[in-house]
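Worksheet: the structure to be examined is printed underneath.
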Amino acid sequence: MGRFAAGGHSMKYVQFGFVCFVVACVFAAGELCAAEQRSSPSFVVIFMDDLGYADIGPFGAVKQKTPNLDRMAAEGLRLTSFYSAPVCSVARAQLMTGCYGPRVSVPGVYFPAGAQGLNPDEVTIAEYLQQQGYRTACVGKWHLGDQPDFLPTRQGFDQYFGIPYSNDMQQRSAETGERVVPLMRNERVQELLTESQQSELTARYTEDAVEFIRGSADKPFFLYLAHTAVHTPIWPGKDFQGKSSNGRFGDWVEEADWSVGRILEALREQQRDRETLVIFTSDNGPWLVKGADGGSAGSLRGGKGSTWEGGVRVPTVVWWPGKISPGTSSDAISGTIDLLPTLVTLAGGQVSDQRVIDGRDLWPVLSGAAKSSVRDVQYYFSGYQLQAVRQGPWKLALAAQPQSMGQGVTKDVGDEPRLYNLQQDVGERTSVSEANPDIVASLRLLADGMRDEIGGDAGKNRRPAGQVVNPQNLYPVQQQPDRGVAKKQAMAGPATMELGQPESGLELSGAKAPQIVGRPFTIGLTVTAEERNSVIVAQGGSTVGYSLFLRDGQLVFAVRNQGRVTSVRMEEFPLSKSQRIEASLKEDGSLQLQVGEANPVTAPGAGLLMRQPQEPFCIGHDGGGQVADYPDVQPFRGELRDLRIDVK
C-alpha cells in the first residue's frame, strides 16, 4: 500500500512534469510564432510641438535636464541637419505623406471646424504600414483637419487618442461656458478639457502609448506619439512643476523627457528594443515671441513661422540598439519628408510610383553606410512661397524672411538673393552671394524648377487638399464672440485706421489692427514705388489674411481665406509716380482694385474672412506668414502717404 501510494505520488510528478513540458512547448511555439509574425521592425515617432533646436540636452540645453534623451543620443544617432516646416499642420502633412506641404496643398495651419484638411486620397505612412500588417496608433496632436473625413482613423491609424489641433484653439463650451479643447478617442469626443486640465496631457498620452506597445506583442507596430508639449499655453504635469531651472517651459521639456524614458523602458520590458526604430524630433522651431515660454534655437537664426534655420531645423535623435551605432551624429540633409520612404522600405514595403513624393530612403545615413543623403537639396517653403533652397553647405535666400511668427523682417536683410555657407555661418549673418555668382545661379535654377512644380499660385504638380461641405465643430460651442474676441475688438478702437505718413517697416499687433473678421473693408493710400517687386501692406499668414503688393510691375490685391488665395491685379503699375490706390474686399466676398481715376478691376473672391488674422499688420513688408506668393520680393522702397482702412 505504501509502495502504491509512493508510486502514485511519483506518477503525479511525472504527469505534472509532462504537462509543464507541453505548456512550455506551447508557450515557446507561441513566442516563436509571435516573433515570426513581427519579423519586420516596429517604429515609434515622437513628434514634439514648438521644441527649439537647443531645447534638449543632446543639442545644448542646460537649464532643463533631459537624461533620457541624453541616454538615447549616447546609444543612438543625432541628426544635426534635419528639417521640418515653419508651422504645425504643414509639418505634420510632410511627415505623413513624404511630400513638401505645397505638393499636397497643406500650406500652413488648420483651425477648428475648417472645411479643408489632408486629402483622404493621399497615402499616409500609416496606410502603407497597415498594408504590411502593422498595428498603427496615433496619440496626441493630429492637426490635419478635425472633420471626420480627415481624422487619423480615416488616414491609416487603427486607433486615436488626443486633441485634434493645437491646445490654444480653445472655444467656449455651449454647455459650461468654459474655454475648452476636445480630447478624442477615435472619432468621438471623450471629454472637454479646460486649460488647467492640459497639465494631465503628457502623462495620459504616455500611458496610452505604453499600453499600445504592450498590446502589440503579436505584430509589428507603428506608434506616432505627437505631444501637445511644448506649444503654448504651457502646462507641465504637477509632478514636474518647478523642477527645472527654466520656468514652466523647462518643466514641460523635462516631463516630455520622462515620457521618452517611459517609452524606451516599455520597449525594453517587452524585449522589443532591438527590433524597434525610435525617432524623436519636432514640428518646427521655437515660438520666439512667447519669451520664456517660447524655447531656444541656440546659434540658429529665427524661430517658428520662418524659413531661417531656427524656424525649420529641429533637434532629432534616432535610436535602434544593434542597428544604429551609439554616440554618432550626421550632418547630412534630411527631414520629415524622408520618414515615409525610410520606414516603408524597412518594413518590406514599396512606395507607389503613382504619386510623386519628395522624400528619400534615409536608412543608408541612419545605419552609417553613407555619409550623405540621396536627397542633397532642401527647399524652404512658407505657405506656397519658396523662400530659400539649400544644396550641400550653400543656402540661397530668395525672399525677405521674417524672424519668427509675430516678428518682422530685420533691417540687415537687404537685396535678394542672399547666399550663406552654413558650414561656416550657421547663424546666417553674412551673405556671400557677390563672391559666388556661379553657386547663386545654380541654386536659382533649382529654385525655379521647384517653384514651377509646386510653388506659387498654381504649381503644375500640386495635388488638391481635402474638402468637406458644411464643416461642424466637434462639440457645441457658444455662437457669440467670447470675451477674448470682444477684448481684441475693443483694443482695435474705431473701425477706421488712418496714418498720414505710414513708415515702411512699421508693424501693429494683430489685436490693434482693424478687426475685419466677417466684414467688408477698403484699403486706401497714395503710393510712389521704386521697385517692381515689393509688399505695400499685408496682414495674415498661410490660412487667412490679405496683401497689397507689386509683382513684376503689376499691382496685386490678394486675399487668403481658409488657405485659398484669390486675387485681382492691374497691369503695369507706373514706377516713380504718385498714385492713389483703393483695394476692397466687398460684402459679397468679391475683390476690387482701383488706381487713380481708372476704372476699377474686380474678381470673384473666397468670401469674407472667416477669422481675424493674428499676425501683425505690416507696412512695406509681410512679416506674418506670407499671405501670397512673392518671388524675389524686396522691402518697399518709395513713398507711402495717407493710409486709411475703412471697415464696414
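The values are calculated or read from the model by the stated rules, or taken from the named source; none is laboratory data. Note that the structure is a prediction, hence the values are computed from the model and not measured. Reconstructed Cβ throughout: ideal geometry from the backbone, glycine too, with neighbour counts over all protein chains shown. Accessible surface is based on the protein model in full, side chains and every heavy atom, while ligands, DNA and RNA are left aside. Shrake-Rupley method; radii C 1.70, N 1.55, O 1.52, S 1.80 Å.
Roughly speaking, to the nearest percent, how much of the range 89-185's 1.4 Å accessible area is carbon and sulfur?
Roughly 40 percent, rounded to a whole number.
Sorted by average packing, counted as other Cβ atoms within 10 angstrom per residue and highest first, what order do 613-622, 404-413 take?
Packing order, densest peptide first, comes out as 613-622, 404-413.
Within a Cβ distance under 12 Å of I454, other residues only, what is the Lys/Arg minus Asp/Glu net charge?
The answer is 0.
Would you mind putting 369-382, 77-90 in packing order, based on average other-beta-carbon counts within 10 Å, highest first?
Working: 369-382: 18.5, 77-90: 25.6.
Ranking, from highest mean packing down: 77-90, 369-382.
By how many nm would the segment from Q350 to S325 lengthen if fully extended, with 0.36 nm per residue of separation less the alpha-carbon distance?
Extra length from Q350 to S325 when fully extended: 6.4 nm.
Report ³J(HN,Hα) in whole Hz for each residue of the range 396-410, in order, from the Karplus equation J = 6.51 cos²θ - 1.76 cosθ + 1.60 where θ = phi - 60°; Gly and Pro get x.
Per-residue couplings from phi come out as 10, 8, 9, 9, 7, 8, x, 5, 6, 4, x, 10, x, 7, 7 Hz.
With each label point set 7 Å from Cα along the Cα-Cβ vector, what nm distance links N461 and Q159?
3.9
May I ask for the percentage of alpha-carbon pairs in the range 495-539 that lie more than 12 Å from each other?
71
Per residue of the range 284-301, in order, report the coupling 6.51 cos²θ - 1.76 cosθ + 1.60 (Karplus, θ = phi - 60°) as ³J(HN,Hα) in whole Hz, putting x for Gly and Pro.
Computed from phi, the couplings for the range 284-301 are 6, x, x, 8, 4, 5, 7, x, 5, 8, x, x, 9, 9, x, 7, 7, 8 Hz.
Report, in whole Å, the centroid distance computed from the Cα atoms of the range 376-390 and the range 317-341.
Distance between centres, Cα-based: 22 Å.
Roll a 1.4 Å probe over the protein chains and send me the accessible area per residue for the range 109-202 in Å².
33
In cubic angstrom, how much convex hull volume per residue do the alpha carbon atoms of the range 272-330 span?
Numbers: hull volume 6.5 nm³, N = 59.
Cα-based convex hull of the range 272-330, divided per residue, equals 110 Å³.
Compute the Cα gyration tensor for the range 92-193, then decide on rounded, prolate or oblate, letting a ≥ b ≥ c be the square roots of its eigenvalues: rounded whenever a/c is under 1.5, prolate when a/b is larger than b/c in the other cases, and oblate in all that remain.
Oblate, because a/c is 1.5 or more while a/b does not exceed b/c.
Could you give me the ³J(HN,Hα) list for the range 545-560, computed from phi with Karplus coefficients 6.51, -1.76, 1.60 and θ = phi - 60°, whole Hz, x at Gly and Pro?
x, 8, 7, 10, 8, 9, 9, 6, x, 9, 8, 10, 10, 10, 10, 10
Taking every pair of alpha-carbon atoms in the range 206-346, what share in percent sits in each 5 Å bin, from 0 to the bin with the longest distance?
Computed distribution, short to long bins: 2, 8, 15, 19, 19, 17, 13, 6, 1, 0.
Give the shape of the range 356-413 as rounded, prolate or oblate, defined through the alpha-carbon gyration tensor: a ≥ b ≥ c are the square roots of its eigenvalues, a/c under 1.5 means rounded, and otherwise the shape is prolate if a/b is larger than b/c and oblate if not.
prolate
What FRET efficiency would be calculated for the residue pair D218, E572, taking the C-beta separation as r and a Förster radius of 60 Å, to the nearest 0.05?
Taking R0 as 60 Å, the efficiency between D218 and E572 is 0.30.
Using alpha carbons only, how many angstrom separate the centre of the range 100-177 from the centre of the range 522-548?
The two parts, judged by their Cα centres, are 33 Å apart.
Using +1 on the beta carbon of Lys and Arg, -1 on that of Asp and Glu, and nothing else charged, what's the dipole of the chain about the Cα centre, debye to 20?
980
Quick one: which of 567-574, 280-287 comes out on top by average Cβ neighbours within 10 Å, and what's the full order, highest first?
Values: 567-574: 15.6, 280-287: 28.2.
Most protected by this proxy first, the peptides run 280-287, 567-574.
List the aspartates and glutamates whose Cα sits under 12 Å from the Cα of K65, skipping any in the same chain fewer than 8 residues away.
Within the straight-line limit of under 12 Å, K65 reaches these aspartates and glutamates: D55, D251, E254, E255, D257.
If DNA, RNA and ligands are ignored and the probe is 1.4 Å, what is the ranking of R360, R451, R188 by accessible area, most exposed first?
The ranking, largest first, comes out as R188, R360, R451.
Report the FRET efficiency, 1/(1 + (r/R0)^6), for D376 and Q131, where r is their Cβ-Cβ distance and R0 is 22 Å, rounded to 0.05.
The formula returns an efficiency of 0.15 here.
How large are Rg and Dmax for the chain when only the alpha carbon atoms are used, in Å?
Calculated on Cα positions, Rg and Dmax stand at 27.2, 124 Å.
Residues of the range 541-560 with amide nitrogen under 19 Å from the 7 Å Cα-to-Cβ point of D588?
Answer for the range 541-560: 559.
In Å³ and rounded to a whole number, note down the convex hull volume per residue for the Cα atoms of the range 368-480.
221
Of all the accessible heavy-atom surface of the range 224-310, with the other protein chains kept in place and a 1.4 Å probe, what percent is carbon and sulfur?
That fraction is 42 percent.
So in the chain, what percent of DSSP beta bridges are antiparallel if you round to the nearest 5?
If we restrict to bridges inside the chain, about 75 percent are antiparallel.
Label points 7 Å out from Cα along the Cβ direction at E531 and R444: separation in nm?
For E531 paired with R444, the spin-label model returns 1.6 nm.
Which FRET efficiency value, to the nearest 0.05, do you get for T232 and N470 by plugging their Cβ-Cβ distance into 1/(1 + (r/R0)^6) with R0 = 35 Å?
0.65
Keeping all protein chains in place, calculate the accessible area per residue for the range 497-648 (probe 1.4 angstrom), answer in Å².
Accessible area per residue: 38 Å².
Put +1 on the Cβ of each Lys and Arg and -1 on the Cβ of each Asp and Glu in the range 193-315; which of I213, G291, T276 then has its Cα farthest toward the positive end of the dipole?
Of the listed residues, the answer is G291.
Ratio of alpha-carbon Rg to the 2.2 N^0.38 Å globular estimate for the range 143-247, to two decimals, please.
This ratio for the range 143-247 stands at 1.16.
If you average the alpha carbon positions of the range 576-605 and of the range 421-468, how far apart do those two centres end up, in angstrom?
When both Cα centres are located, 32 Å separates them.
Specify the angular offset, from 0 to 90 degrees and rounded to the nearest 10, of the alpha carbon long axis of helix 2-37 from the longest principal axis of the alpha carbons in the chain.
20
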